[in-house]
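Engineer: Here you go, one structure.
Every read-out reported here was derived from the displayed coordinates using simple, explicitly stated rules and does not represent laboratory data. None of the values given here were measured: they were computed from a predicted structure. FYI the Cβ positions are ideal-geometry reconstructions off the backbone, even for glycines, and counts take in every protein chain you see.
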Amino acid sequence: MTTNRTAVVTGASSGIGAATARTLAAQGFHVVVGARRVDRLEELAAEIGGTALQLDVTDEDSVAAFTAVIPRVDVLVNNAGGAKGLAPVAEADLDDWRWMWETNVMGTLRITKALLPKLIESGDGLIVTITSVAALGSYDNGAGYTSAKHAQALLHRTLRGELLGQPVRLTEIAPGAVETEFSLVRFEGDAERAAAVYKGIDPLVASDIAEIVGFVASRPPHVNLDQIVVKPRDQAESGRFNRRT
Ligand code: 8X3
């Protein structure tokens with residue numbers, strides 16, 4: 001691994017994570033990409049001249065092995081996360097809730113906690129956490145996801161105060177509908193149901209979010225973009241869309 005400025009991107013095998021890795025590499029960062037699907041990661045790392053490392057943010061040992069071999073971290077992008085299911089609280093699937101809390105909340109905590117000393121040591125660290133508009137409000141049938149995203153966001157926002165005086169910036173990006181594998185995962189591979197989420201709207205795409213991360217990462221050290229909320233023009237809030245039929 002090089003001694004260049006290094007960015008670590010979690011959940012980097014597809015979607016926002018992969019697009020962000022490409023953007024940061026184009027800005028001159030050595031990018032370490034982590035995810036469970038190593039085959040996809042290796043292709044991406046070869047394309048951008050980065051480093052692919054297997055990572056399961058829900059697994060302590062995996063996080064320890066991942067973080068131990070990264071000598072330097074200037075930018076951390078907490079992107080790993082996601083939703084499972086869409087059910088009223090009265091019918092909540094506890095395993096789905098556990099998965100969402102483990103991935104979004106505990107995953108962000110594990111990685112951030114482990115890499116914090118290196119981010120501080122860099123002298124100009126940046127933590128970008130990809131939350132969601134689901135971190136800003138509630139919607140029916142979405143409590144497993146909205147509650148996890150709120151908790152992840154509060155973890156991130158709390159660090160903003162706790163790290164005051166340290167050379168680390170913190171940016172939360174809260175996207176609305178971005179057409180990625182997000183809905184395919186939420187609906188356990190049901191492609192038709194996933195496609196319906198974006199039907200009749202012009203959703204954001206992964207590179208829209210990656211460009212924002214690139215903008216944030218290229219600001220001078222004294223500029224902290226605290227929170228960026230980004231939605232398609234066709235979306236006013238979670239679940240409220242202008243759909244053309
Ligand atoms: C997902 C945001 O608006 O697609 O994080 O539910 S939305």
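Engineer: What does region 1-131 give for Rg and for Dmax, in Å, if only its C-alpha atoms count?
Structural biologist: Values for region 1-131 (Cα only, Rg and Dmax): 14.9, 52 Å.
Engineer: Quick one: net charge around Ala25, please, counting Lys, Arg +1 and Asp, Glu -1 for every other residue with C-beta under 15 Å from its C-beta. Write down the numbers at each step before the final one.
Structural biologist: Details: positive: Arg5, Arg22; negative: Glu42, Glu43, Glu47, Asp74, Glu211.
Around Ala25, the surrounding residues sum to -3.
Engineer: Shifting gears a bit: When the chain is fully extended, how far beyond the present Cα-Cα distance does Arg243 get from Asp190, taking 0.36 nm per residue of separation? Write out the running numbers ahead of the final one.
Structural biologist: On the way: separation 53, 0.36 × 53 = 19.08 nm, distance 2.07 nm.
Here the answer is 17.0 nm.
Engineer: Let's see if you can work this out: charge +1 on each Lys and Arg Cβ, -1 on each Asp and Glu Cβ, no other charges. What is the dipole magnitude of region 69-211 about its Cα centre, in debye to the nearest 20?
Structural biologist: 560 debye
Engineer: I want to verify a result. In a Gaussian network model of the chain, Cα cutoff 10 Å, which of these has the top mean-square fluctuation: Ile127, Ile201, Ile16?
Structural biologist: Ile201
Engineer: Let me check I've understood the local charge: for Gly176, count other residues with C-beta under 15 angstrom from its C-beta, Lys and Arg +1, Asp and Glu -1. What total comes out?
Structural biologist: Working: positive: Lys149, Arg186, Lys231, Arg233, Arg240, Arg243; negative: Glu172, Glu179, Asp202, Asp208, Asp234, Glu237.
Summing Lys and Arg as +1 and Asp and Glu as -1 gives 0.
Engineer: Divide by every residue of the chain the summed helix terms, -39500 (n - 2.57) for each DSSP H run of at least 4, and state the resulting mean residue ellipticity at 222 nm, rounded to the nearest 500 deg cm²/dmol. Display every interim value, and only then the final one.
Structural biologist: Numbers: 9 runs with 99 residues, N = 245.
My calculation for the chain gives -12000 deg cm²/dmol from helical runs alone.
Engineer: Take Arg40 and Tyr139, extend 7 Å from each Cα along the Cα→Cβ direction, and tell me the distance between the two endpoints in nm.
Structural biologist: Calculated label separation equals 2.2 nm.
Engineer: What per residue convex hull volume, in Å³, comes out for region 179-240 when only alpha-carbon positions are used?
Structural biologist: Numbers: hull volume 6.3 nm³, N = 62.
Per-residue hull volume (Cα only) is 102 Å³.
Engineer: Calculate the tail of P(r) for region 1-58: the fraction of all Cα-Cα distances greater than 15 Å, expressed in %.
Structural biologist: Values: 573 of 1653 pairs.
Looking at region 1-58, the distances longer than 15 Å represent 35 percent of pairs.
Engineer: Please state the relative contact order of the chain as a whole percent: Cα pairs under 8 Å, 6+ residues apart? Walk me through the numbers on the way to the answer.
Structural biologist: Values: 485 pairs, mean separation 47.1, N = 245.
It comes to 19 percent, rounded to a whole number.
Engineer: Which peptide among 107-120, 187-200 comes first, and what is the full order, when sorted by highest mean count of other Cβ atoms within 10 Å? Spell out each step's value before the answer.
Structural biologist: Numbers: 107-120: 19.4, 187-200: 13.4.
Final packing ranking: 107-120, 187-200.
Engineer: Given H placed on each backbone N at 1.01 Å, which residues far from Leu55 in sequence or on other chains put an amide H within less than 5 Å of it?
Structural biologist: Close amide H contacts, sequence-distant or interchain: Ala35, Arg36.
Engineer: Follow-up question, since we're still on this one. In the structure displayed, which of Lys113/Lys231; Lys199/Lys231; Lys84/Lys118 lie more than 23 Å apart, Cα to Cα? Mind showing how you got there, number by number?
Structural biologist: Working: Lys113/Lys231 29 Å; Lys199/Lys231 15 Å; Lys84/Lys118 32 Å.
Flagged as over cut-off: Lys113/Lys231; Lys84/Lys118.
Engineer: What is the pair-distance distribution P(r) of the chain, computed from all Cα-Cα distances in 5 Å bins starting at 0, with each bin given as a whole percent?
Structural biologist: Taking every Cα pair in the chain, the percentages come to 1, 7, 14, 19, 21, 17, 11, 6, 3, 1, 0.
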